[in-house]
Amino acid sequence: MAAVRIPPLVLEGWDPEAKRREIREVFQRTFSLYERLFEHLATEDAWYRKAIALRHPLIFYYGHTAVFYINKLLPAGLLEERIDPTLESLFAIGVDEMSWDDLDDRHYDWPALARVADYRNRVRERVDGLIARLPLELPIRWDSPWWAILMGIEHENIHLETSSVLMRQLPLGEVRPVLDFPAVTEGGPAPPNRLIPVPAGTVRLGKEREHRLYGWDNEYGKEEIPLDDFAAARLLVSNGEFLPFVESGGYADLHYWTDEARDWLGFAQARHPTFWIRHGRDWMLRLLAEERPMPWNWPVEVNCHEARAFCRWLSEREGRSLRLPTEAEWHRIRETSGLSDCDGWTEAPGNLGLSHGASPAAVDRFPQGSFCDIVGNVWQWTETAIYPFPGFMPHSLYDDFSVPTFDGAHHLLLGGSFMSLGNETQASARYAFRRHFFQHAGFRYVESANRLPAIPVYETDQALTQYAEFHYGTEYFGVPNFPQAVARHALALAVGRPLRRALDLGCSVGRTAFELARGCPEVTGLDLSARFIQVGVRLRDDGRYPYAVVEEGEIMSYRTADLASLGLAETAGRVEFFQDDATNLKAIYTGYDLVVAANLIDRLRDPAKFLETIGDRIHPGGLLLLTSPYTWLVEHTPRKAWLGGFRENGENRTTLETLRETLAPHFRLLEGYPFDLPFVIRETARKFQHGLAQVTVWERAGGSGRKS
């Protein structure tokens, strides 16, 4: 047996300086291991080729994990300035495959590898220096400034896996072996599989905030689930066990597949698992940098659609009712094994964390109690779509890590793989991917009468539901809907002016963008938080968004935002939503006739940077509409970056004065401004925020303004 290559960090201890040295070592080893993974790329084209159409090329992921550190350490107040704003915009945001055509090559102009490598070196130096000097108190908790550093380390562990999956899908001639990532050599015929009884019991999910290991937000909370007896396969489904499904035409027999899975089959033209390669009558298995004769006793690696279709096929064939385990059932299987959590291991209990190589191994090689591979070898698909535990709360530095996945379309993967490190090896780790997504993932099946979990249908995240109601709900106290009023005012101003493209910056959940599309053929909504963007995306795609609002305490009422009822259904096709930072926008967001930034500037970390650069995004003669209540708070904007609300040289400094001075080189304030526009945000049935936003409209210099 061997140890996990990089073990998880324990957040407790008695010696802060010893813990500092430990964190520094783990940071350096993780950063270096990630870079060594990319040594697999043997050609320049391999860096810039999309391994699959639905993901970025690998140059993005090489830069992304370094950019992540800077983009989290800045809002945490641990860094004062950026290293390379262009790269930190370009590499900021990945893709969750919201649709088959998420990615548009026109949006990206990838930099030279040398520039990205130099950037990574500068980030390594910056973070290492921060680790060396940042005051450290133990234990490290959720609200510690050190959490941002641990978040960066664990984020890189995630991308070590996801990047290696993409490398397995590149042409074989574009990759080469790397000494640090050797494949397991032993393979053989598939062993027989069988069902083993699992006794009834109550499973306790979730962990406490004081847990001694790092956790992502979706792991915290508490839930108890009683289970009846069930039976589970002793082994993960092997390549050999899966082969009859392929040979019997299982991929072509559509009654084994859901409607969604059939759509994926048509898109992918799948006839067998992705990593299987057919040479004449022989099957080969694609690994990181080689193909080898099929090891039939290794676990099959498939997506969730394929795993579920196999279960339906096997059920029909054997006269049983088989399916994937639920999250609770997987944990119950783990409990019966006697496995401790990863911080109690001196050696890896299975093929986990590169302890035995960079590939799967035989499904019967690592017994764990009565089963094999409860943890390790490959991740295991479950029948549970990820959802928040009671008590869930997103972390302020990464509030869109989990929330966008609480949509019923992302299924949990549990148990870890041969490539899993750090948090991924914990018993409480919860990672979820779309059902068509590929990871180093397989499955085992269960025969169970336990009910499948009821995934919450209505959104209950308080910040989201308050803004959903603010944008799409009832008017209160006779105050008109604020996002609609902003859009109507903007469209009235645009009469007689060109209005081909509009930008709703800080679009939140999207109402203003949809309203602007009544009079503009192309509207882009941008927001930093994918949590908010997902509301607009779901409304655009589905027309409806159900959510729950608080009446009092735990009493909720249920509502639905509906574009058709608001007369906005026809505007959906003219609106796109993307995630981006208003103070560091990608270069593609330019050429607008109208930019709306409603109640945004006093929520930015660097509002002056936004004002200084927004003119470059607007056509001469175009309009910039700003609204803000000027609620300057240090939790959003550092005190030294406030635009107003303080005394300067003994005199009051207002935000409007700073707006005039900052925008004057490129804009003129239209006559009739400013004025105040009221808004009301509902918190509960008897608690509301009633505010006034000052409205100013600025015309970009150099144009002719209105048409004659």
task: Mind listing whichever residues of region 303-341 are small (Gly, Ala, Ser), surrounded by fewer than 19 Cβ atoms within 10 Å (Cβ to Cβ) and closer than 30 Å to ARG271 by Cβ?
output: SER315, GLY319, SER321
query: Picking from GLY353, GLY344, GLY369, which residue would you name as being surrounded by fewer than 19 Cβ atoms within 10 Å (Cβ to Cβ) and in contact (Cβ under 8 Å) with a residue 24 or more places away in the chain?
result: GLY369
query: If a residue has to be at positive phi and either surrounded by fewer than 21 Cβ atoms within 10 Å (Cβ to Cβ) or not assigned by TED's automatic domain parsing to the domain that holds ARG292 (or both) to count, how many in region 372-399 make the cut?
result: 1
task: Return the only residue of SER315, SER248, SER238 being more than 23 Å from TRP379 (Cα to Cα) and among the polar types (S, T, N, Q).
output: SER248
message: It is to be established whether one or more residues within region 568-581 are among the hydrophobic types (A, V, I, L, M, F, W, C), surrounded by fewer than 21 Cβ atoms within 10 Å (Cβ to Cβ) and within 24 Å of LEU87 (Cβ to Cβ).
response: yes
message: So for region 242-260 (the condition being of a type outside the set (S, T, N, Q), closer than 25 Å to ASN450 by Cβ and part of a strand (DSSP E or B)), does at least one residue qualify?
response: no
query: What residue, among those in region 563-577 that are assigned to a strand (DSSP E or B) and touching a residue at least 60 places away in the same chain (Cβ under 8 Å), is nearest to GLY543 (Cα to Cα)?
result: VAL575
message: Here is a check on your reading of the model: is VAL595 among the aliphatic types (A, V, I, L, M) and touching a residue at least 60 places away in the same chain (Cβ under 8 Å)?
response: yes
message: Take LEU288 and tell me if it is within 29 Å of the chain's Cα centre (by Cα) and surrounded by 24 or more Cβ atoms within 10 Å (Cβ to Cβ).
response: no
query: So, in region 521-539, of the ones that are surrounded by fewer than 24 Cβ atoms within 10 Å (Cβ to Cβ) and in contact with a strand residue (DSSP E or B) (Cβ under 6 Å, 6 or more places away or on another chain), which residue ends up farthest from ARG574 (Cα to Cα)?
result: ALA530
query: Scanning region 327-370 for residues that are part of a loop (DSSP other than H, G, I, E, B) and of a type in the set (Asp, Glu), which turns out nearest to THR30 (Cα to Cα)?
result: GLU347
- prompt: Going by the structure shown, is ILE70 out of contact with any Gly (no Cβ under 8 Å at 6 or more places or on another chain), among the β-branched types (Val, Ile, Thr) and assigned to a loop (DSSP other than H, G, I, E, B)?
  reply: no
field: Odd one out for MET151, checked against (1) surrounded by fewer than 20 Cβ atoms within 10 Å (Cβ to Cβ); (2) assigned to a helix (DSSP H, G or I)
entry: (1)
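Return the only residue of PRO191, PRO197, PRO145 being touching a residue at least 12 places away in the same chain (Cβ under 8 Å) and either loosely packed, with under 13 Cβ neighbours inside 10 Å or in contact with a Phe, Trp or Tyr (Cβ under 6 Å, 6 or more places away or on another chain) (or both).
Sole residue among the options that is touching a residue at least 12 places away in the same chain (Cβ under 8 Å) and either loosely packed, with under 13 Cβ neighbours inside 10 Å or in contact with a Phe, Trp or Tyr (Cβ under 6 Å, 6 or more places away or on another chain) (or both): PRO197.
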query: Residues LEU54, LEU78, LEU87: which one is part of a loop (DSSP other than H, G, I, E, B) and at pLDDT 95 or above?
result: LEU78
- prompt: What strands (runs of 3 or more DSSP E), lying completely within region 616-708, carry at least 3 residues that are modelled with pLDDT of 95 or more and surrounded by 15 or more Cβ atoms within 10 Å (Cβ to Cβ)?
  reply: 618-628, 675-684, 687-700
task: Having 1 or more residues that are assigned by TED's automatic domain parsing to the domain that holds GLU156, at pLDDT below 95 and out of contact with any strand residue (DSSP E or B) (no Cβ under 6 Å at 6 or more places or on another chain) is the bar; report the strands (runs of 3 or more DSSP E) wholly within region 199-239 that clear it.
output: none
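The values are calculated or read from the model by the stated rules, or taken from the named source; none is laboratory data. Please read these numbers as outputs of a predicted model, since none were measured by experiment. Reconstructed Cβ throughout: ideal geometry from the backbone, glycine too, with neighbour counts over all protein chains shown.
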